[in-house]
Structures are given as C-alpha cells and as structure tokens.
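**Student:** I have a structure here, written as structure tokens, and I will follow up with some questions on it.
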Amino acid sequence: MTRKIIIDTDPGQDDAVAILLALASPELDVLGITAVAGNVPLPLTQKNARIVCELAGKPEVKVFAGCDAPLERPLVTAEYVHGKTGLDGPELPDPTMPLQEQHAVDFIIDTLRAEEPGTVTLCPLGPLTNIATAFQRAPDIVDRVAQIVLMGGAYFEVGNVTPAAEFNIYVDPQAADIVFKSGCDIVVMPLDVTHKALVTKPRNDAFRALGTKVGVAVAEMTDFFERFDREKYGSEGAPLHDPCVTAYLLRPELFSGRRVNVEVETQSELTMGMTVADWWGVTDRAPNALFIGDLDADGFFTLLTERLARL
Ligand code: RIB
Ligand code: CA
C-alpha cells in the first residue's frame, strides 16, 4: 500500500535531496510537486524542482508553480546559502520536462477533493504560503488531509535566519499561523532535529562513493550549501534539513518527539516567525503538533544513501 503525498518545496539543495529520496522510495506515491517562493524566487524553485525530477530519471512527475510571495510580508530569499540558482554545486542541465499549467494551489485543492479523505499527506519543505492559500480558498479540504509532515520551526535550537525564527516560518509567518491552527494532524521537523542530521565528511563521501549521477550530484549539492552552516556553526558537518521529512514518512521510528502546543509569532518584529513550542506543558494551550526533537542520525544517513543508490 503506497502512501500518497504532495511535496511542497522551494529547492534549495536540501529540498532536492528530500525529493530524490521520495522519488527513490516505492512506498511513496508522489502525486505532484508544488513549488513555492522561498530559498530563491518562484521561477527558480519551479525550474529546480523539474531539474531534480530529471536528475532522478522521473520526467513524468507533475510539477506545479505556486505562490510567488508570502501572504502579507515581502519575500525573503536565501541565495547566500543556496547560491544564485538555488541549486549551486553540481552542473545540471536545464529541464526539458514541462511545468504543469495548473496553479499549485488549485492542484492541491483539486487533488484533496478528488482523493479519498484521509489518504493524501502534505509534505511542505519551504514557506507555507501554498498550503495556507489552499486552506483559505477551500476550507473543505482541511479535514481531507491525512497528515502534514513539514520542515520548519525551532525551539531549543532557536532561529537560523533571526535569533528567534527558522527560515521557512520566518518567510511567511501568517501562512504558518494558518497551518498550525488548521486542526490538521501535524508533524514538525524543526531545527532541533535537523541540526542533528549533520552531513559529516564520511557521510558526504558515502554519497559520492555511489558513483552515480545522483550520488555525485548530492555530494556536490551538500558540499556547496553546507559550507555556509559549517562556517557559521563550526560543526563537523552541516544540517540536512528537508530530507528528515521524507525519512519520517519511510521510517518514523528513526525519530522521536513530543505532542505539544506550537504557536507562531505574527505580531512582534523582534520574534516574528518564532515557533513557540510548549515543550514543558506550562500552558493550557491544546497540543496541536508532534514536535520532533531527535533522530537516529546513522540510521537516517544509511536509509538516505541506500535509497539514493537506487536512482
Ligand atoms: O531553515 C531551513 C529550511 O529553509 C530548509 O527547508 C531550507 O531548504 C530552507 O527552505
Ligand atoms: Ca526548503
């Protein structure tokens, strides 16, 4: 029984690895990939999503362009991390596969209405603009979502784009607020866990040692985009954020966390986009998310490398 998913993404090298892991895994049925503005502007994220599908040898995957700016705030991008193309590192050919005509938000709405309720999982890897827009435009789809497994937020790890906020939530806090208040079954992969998924040199060498187009490209992507975090955190490797979402779908037992209340700061500029997780249960706010705090990093990289070898 395969699991139907929609990947909502702003590639970004770590998004690319998350997409490759999904496309390499027969347990997952990728109904579509919806691009959103985030790491780089939408024209690049939708192009990069297609580049990654072709790298995986899956040009038949449907890729849609979605929202090109957050709900209310101006777009903030991260070329300083991901490079000007958003996929710097490997030399990859421009895509030849088509971009779907339909807007990503309409695809999300139509798909959730067409599929059996409770059978489609949403996997946001970037700002939550597309998801929130779909929920606002078609409130009837919220109850039809099986689960949302997203990369975003931070609590003990604090922010990576401001002292208080993680990038995906910071770019569109209003969208995140809508999603976290939606009532959906949400699993959050915050920096608290992704900062424990460090691509050390042996782990990156294992990607390269696959000797395949995909393995070498992933090694080159992670080498490039991780240089910024290695410098910043002085760690032995840099975090591989988005693939934690895909790995959770495949082997949830690799991860551990706590069901807590998570709310998003949308008023104060100082803490804008902060995910306030009531980890110690000091409020009476109802738990609304499984907030992941830890993973078996060796198990994660073994799974990832083994699956990438299949492409
Ligand atoms: O903060 C990390 C997140 O922001 C990742 O999803 C990365 O791709 C960027 O979108
Ligand atoms: Ca991302």
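Read-outs throughout are calculated quantities, based only on the coordinates presented, and are distinct from any laboratory measurement. Values in this document were obtained by computation on a predicted structure and should not be read as measured data. Because the Cβ atoms are built from the backbone with ideal geometry, glycine has one as well, and the counts that use them run over all protein chains shown.
**Student:** What's the local net charge at R230, with K and R +1, D and E -1, over the other residues with C-beta under 11 Å away?
**Tutor:** Net charge in that neighbourhood comes out at -2.
**Student:** Expressed as a rounded percentage, what relative contact order does the chain have, with Cα pairs under 8 Å and six or more residues apart?
**Tutor:** 20 percent
**Student:** Restricting to the chain, what percent of DSSP beta bridges are antiparallel, rounded to 5?
**Tutor:** 30 percent
**Student:** Let me ask another. Whats the longest run of the chain with zero GluC sites (Glu not before Pro) that are DSSP loop and have at most 13 other Cβ atoms within 10 Å?
**Tutor:** The longest such stretch corresponds to 102-235.
**Student:** Right, another one. Going by how many other beta carbons lie within 10 Å of each one, how would you line up I292, I148, fewest first?
**Tutor:** I148, I292
**Student:** Place a +1 charge on the Cβ of each Lys and Arg in the chain and a -1 charge on the Cβ of each Asp and Glu, then give the dipole magnitude about the Cα centre in debye, rounded to the nearest 20.
**Tutor:** On the way: 26 positive and 45 negative charges, 93 e Å.
Approximately 440 debye in magnitude.
**Student:** Suppose the chain between D294 and W279 were pulled fully straight at 0.36 nm per residue; how much longer would it get relative to their current alpha carbon spacing?
**Tutor:** 4.1 nm
**Student:** Report the charge-dipole magnitude of region 38-79 in Debye, nearest 20, computed about the Cα centre from +1 at each Lys and Arg Cβ and -1 at each Asp and Glu Cβ.
**Tutor:** It works out to roughly 120 debye.
**Student:** Give the long-range amide H neighbours of A165: residues separated by 5 or more places, or on another chain, with amide H under 5 Å away, using H modelled in the peptide plane at 1.01 Å from N.
**Tutor:** Excluding prolines and chain starts, which carry no amide H, the hits are G159, N160.
**Student:** Please get the size of the charge dipole for region 91-237, origin at its Cα centre, with Cβ charges of +1 on Lys and Arg and -1 on Asp and Glu, quoted in debye to the nearest 20.
**Tutor:** The dipole magnitude comes to about 320 debye.
**Student:** I've got another one for you. Take every Cα-Cα pair in the chain and report what % of them are more than 27 Å apart.
**Tutor:** 34 percent
**Student:** For the chain, what is the calculated [θ] at 222 nm in deg cm²/dmol (nearest 500), taking -39500 (n - 2.57) for each run of four or more DSSP H residues and dividing by its residue count? Don't jump to the answer; show the numbers that get you there.
**Tutor:** Values: 12 runs with 116 residues, N = 311.
My calculation for the chain gives -11000 deg cm²/dmol from helical runs alone.
**Student:** Could you count how many Lys pairs in the chain have their Cα atoms under 28 Å apart, skipping same-chain pairs fewer than 8 positions apart?
**Tutor:** 23
**Student:** So, R0 is 35 Å and r is the distance between the beta-carbons of T119 and E79; what FRET efficiency does that work out to, to 0.05?
**Tutor:** 0.40
**Student:** For region 191-311, what D do you get in µm² per second when you plug the Kirkwood radius from alpha-carbon pairs into Stokes-Einstein at 20 °C and 1.002 mPa s?
**Tutor:** 134 µm²/s
**Student:** Quote the relative contact order of region 28-169 in percent (integer), defining contacts as alpha-carbon pairs under 8 Å separated by 6+ residues.
**Tutor:** 22 percent
**Student:** Now for a different question. Just to verify a number: FRET efficiency for S235 and L99, C-beta to C-beta distance, R0 = 35 Å, to 0.05? Let's see the in-between values first.
**Tutor:** Working: r = 37 Å, r/R0 = 1.05.
That pair, S235 with L99, gives E of 0.45.
**Student:** What FRET efficiency do you get for V158 and T212 if R0 is 51 Å and r is their Cβ-Cβ distance, rounded to the nearest 0.05?
**Tutor:** Approximately 0.85, to the nearest 0.05.
**Student:** Something else about it: Determine, for K58, K47, K181, K201, the number of other Cβ atoms within 10 Å of each Cβ, and report the residues in order from fewest to most.
**Tutor:** Working: K58 18, K47 21, K181 13, K201 10.
Ascending Cβ contact count within 10 Å gives the list K201, K181, K58, K47.
**Student:** Shape of region 91-180 from its Cα gyration tensor (a ≥ b ≥ c, root eigenvalues): rounded if a/c is under 1.5, otherwise prolate when a/b > b/c, or oblate?
**Tutor:** oblate
**Student:** So for the chain, taking the charge dipole from beta-carbon charges (+1 Lys/Arg, -1 Asp/Glu), which of A16, L44, V105 sits furthest toward the positive end?
**Tutor:** Highest projection toward the positive end goes to A16.
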